[in-house]
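As structure tokens, the structure follows; a few thoughts come after it.
The values are calculated or read from the model by the stated rules, or taken from the named source; none is laboratory data. Treat the numbers as computed from the prediction; the structure is a model and nothing was measured. Quick reminder, even Gly has a Cβ in these numbers, built from the backbone with ideal geometry, and neighbours come from all protein chains shown. Surface accessibility is based on the protein's heavy atoms, side chains included, excluding ligands, DNA and RNA. Shrake-Rupley method; radii C 1.70, N 1.55, O 1.52, S 1.80 Å.
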Amino acid sequence: KKNPGAPAAKVKKSAAIKDDQPQSLSTLPPPQPSKDLYFDCAIALLSRQYDRDREKVISRAKTEGHCCGMLVWFADVEKQPQIAEICKENNGMCYFATGIHPDNVEKTNKKSHDDWISKILELSRHSECIAIVSGLNLSKEMGTHFAQESLLNTLISVASNAVLPLIVHAHDAKSLEKLFEITNAAGDADNDSYKPTIIIHDVVNATKGSTEVLSTAISAGCYFIISATGIADTCTLDDKDSAASLIRSIPLDRILSGTDSPWKTPQNLPDVYLRSQRNESANIISLVTAISEVYGVSHSTVANQIRSNTMRVFGLEPSPTDTEEPTINEVNDESTSEIVKDLISVSNHIKSKTKSTESNGDEESLKKELPCGVDDIRPPDIEVVSASSVVTEYRCMRCRKTVFNSFDIVRHDDMSATRIKTVFAVGDSGLCTTSHFLHLKDAVDLVSRTGLVISTGSNGSVQCSFCGLKIGKFTEENAALCACGAHVMGPVVKVQASKVDRFDGATDPLSIAARSLQEAEEIAAEEALKIGGDAQLSSTRNNKKTKKLKSDNKGNFSSYRNKSFIPNASRVGNHKDKANQLAEELAGFQLDSSASDSD
């Protein structure tokens with residue numbers, strides 16, 4: 001310690017992401033884009049070059065560029081909430097990616113970095129957020145490298161928890177190689193968690209022509225955003241041939257198109273004047289034309305393939321709908337709040353997913369009778385949830401497909417003797433909100449009855465059979481411990497409640513929307529109360545500081561009891577006394593002198 005006498009700094013809790021902690025309410029599904037052909041995957045819409053006509057840029061992207069959507073990003077974390085507002089106002093057209101650009105990272109500042117992560121966590125819950133941004137730039141000074149790598153690891157965890165792809169900005173091939181080392185290490189450290197899909201921004205600039213790094217990225221399953229760099233910008237002929245050769249080695253089903261506006265205006269625009277102006281999403285048609293010329297394939301083939309890739313990697317593929325049964329997408333009641341409308345759209349989205357699953361025969365009917373012999377494989381002291389007219393579905397939080405239902409869950413309310421905490425009931429006695437338990441004979445038995453897949457071993461992971469998301473653990477012989485303190489004997493599957501969504505199929509979607517709205521309002525009220533308490537505490541502390549400042553300030557004499565006290569009064573009085581004494585002495589001397597003269 002450099003200064004032993006200095007007080008120790010207060011240690012603040014970091015904003016680290018923990019996979020085992022459930023997040024807040026699940027986000028709404030992203031709004032569906034239009035049926036237009038093009039999607040711009042890179043535009044910095046908050047750039048100062050768009051300040052005068054930002055709305056017209058969005059309008060031209062629709063009318064002139066035939067864009068079905070545009071992915072907005074910005075390097076400054078403090079301004080990213082403005083992006084969320086713009087995307088909310090242009091719902092179905094504008095989407096955004098939140099995160100930290102490596103060029104925006106200076107030397108290590110833990111407090112500001114934790115604040116950034118908190119904002120990114122909040123923004124990632126917006127339905128318009130479809131990606132997380134991160135990256136590396138090792139050309140910056142050495143003091144920033146640790147901060148860049150630390151933030152990259154944290155944002156990988158954010159993308160994993162939010163089930164969103166990760167868009168990476170790499171300055172060069174060396175930075176990209178280091179980035180892959182970090183992502184691979186993060187994946188090896190937690191094999192059970194969801195691994196986000198990596199999307200490399202501006203692949204030509206990121207790889208700097210390195211075919212070895214590009215091969216590594218292709219083998220890792222990455223997607224690649226292609227801009228005008230090297231194929232439609234003001235580059236030399238040699239650079240153009242090198243970039244074209246590099247792009248041709250990327251499979252067509254991995255490419256995305258991004259104008260990278262307001263920079264990198266395509267130089268193959270029909271209007272020569274526009275080539276000297278700023279870039280915008282309306283120019284994406286010329287960019288796709290340049291890409292199709294590189295691959296030697298027709299423009300329509302490349303455009304349709306890029307659109308399909310974009311919808312798949314960002315989860316914007318339209319859900320199948322049943323035209324025979326009407327939905328409640330249209331709510332004409334003016335009194336219905338926007339939140340309720342959004343929640344209704346969620347229920348319709350989930351309902352359409354379930355219909356697709358049932359029509360394909362992937363799962364058994366939810367209203368089936370309890371399978372024969374199920375009672376025989378359950379321990380005698382565990383009660384099976386009785387079948388009723390209302391069947392509760394439990395759906396994967398990632399793919400929204402039903403993985404099991406209330407018939408498969410077992411209660412443990414008869415084990416109060418071993419319980420050490422209170423059961424957090426969800427409507428039925430013996431069911432906890434932290435974990436669900438499913439009994440089975442073996443792995444084949446569970447696969448035949450549910451949508452789960454169990455890894456081999458005595459304590460393997462349990463994954464969703466549709467999307468591969470880990471949702472629990474399988475215990476073959478030993479007892480599984482619930483958070484409430486109860487012990488459930490194996491073989492049993494312990495499912496994390498935060499990884500599945502509970503949906504009552506017999507409940508009116510409006511009731512579900514109202515219930516979710518009530519929960520959201522309660523959470524908002526608690527946060528407002530907490531903020532109010534913090535503000536009151538801060539005000540009290542400020543008052544104490546003010547009082548202390550006044551008491552320490554002796555210049556205003558407010559602490560003296562004698563308010564009639566006059567500064568330097570005693571000193572002035574002494575001077576007067578001396579003057580009077582001298583005057584008296586002088587008068588006496590004069591009297592003595594006059595008397596002696598008379599004599």
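Selection of region 32-64 for residues being buried (at least 22 other Cβ atoms within 10 Å of the Cβ) and not in a helix (DSSP H, G or I) yields 38, 39, 40, 41, 42, 43, 45. Looking only at region 293-317, residues that are over 31 Å from the mean Cα position of the chain (by Cα) and closer than 22 Å to residue 243 by Cβ come to 9 in all.
Within region 130-145, track down each residue that is crowded, with 23+ Cβ neighbours inside 10 Å and either among the basic types (Lys, Arg) or over 11 Å from the mean Cα position of the chain (by Cα) (or both). Within region 130-145, 134, 135, 136 qualify. When we screen 395, 400, 411 for residues that are under 28 Å from residue 160 (Cβ atoms) and modelled with pLDDT under 80, the only hit is 400. When the residues of region 247-277 are filtered to those that are within 12 Å of residue 229 (Cα to Cα) and hydrophobic (A, V, I, L, M, F, W, C), the one that is most open to solvent (accessible area, probe 1.4 Å) is 263.
On inspection, residue 155 qualifies as crowded, with 24+ Cβ neighbours inside 10 Å, of a type outside the set (S, T, N, Q) and under 13 Å from the mean Cα position of the chain (by Cα).
So if I check each of 475, 450, 418, which one is at pLDDT 65 or above and either within 18 Å of residue 503 (Cβ to Cβ) or open to solvent by 30 Å² or more (accessible area, probe 1.4 Å) (or both)? Exactly one of 475, 450, 418 is at pLDDT 65 or above and either within 18 Å of residue 503 (Cβ to Cβ) or open to solvent by 30 Å² or more (accessible area, probe 1.4 Å) (or both), namely 450. Only one of the numbered conditions (1) of a type outside the set (A, V, I, L, M); (2) open to solvent by less than 10 Å² (accessible area, probe 1.4 Å); (3) in a loop (DSSP other than H, G, I, E, B) is not met by residue 127, and that is (2).
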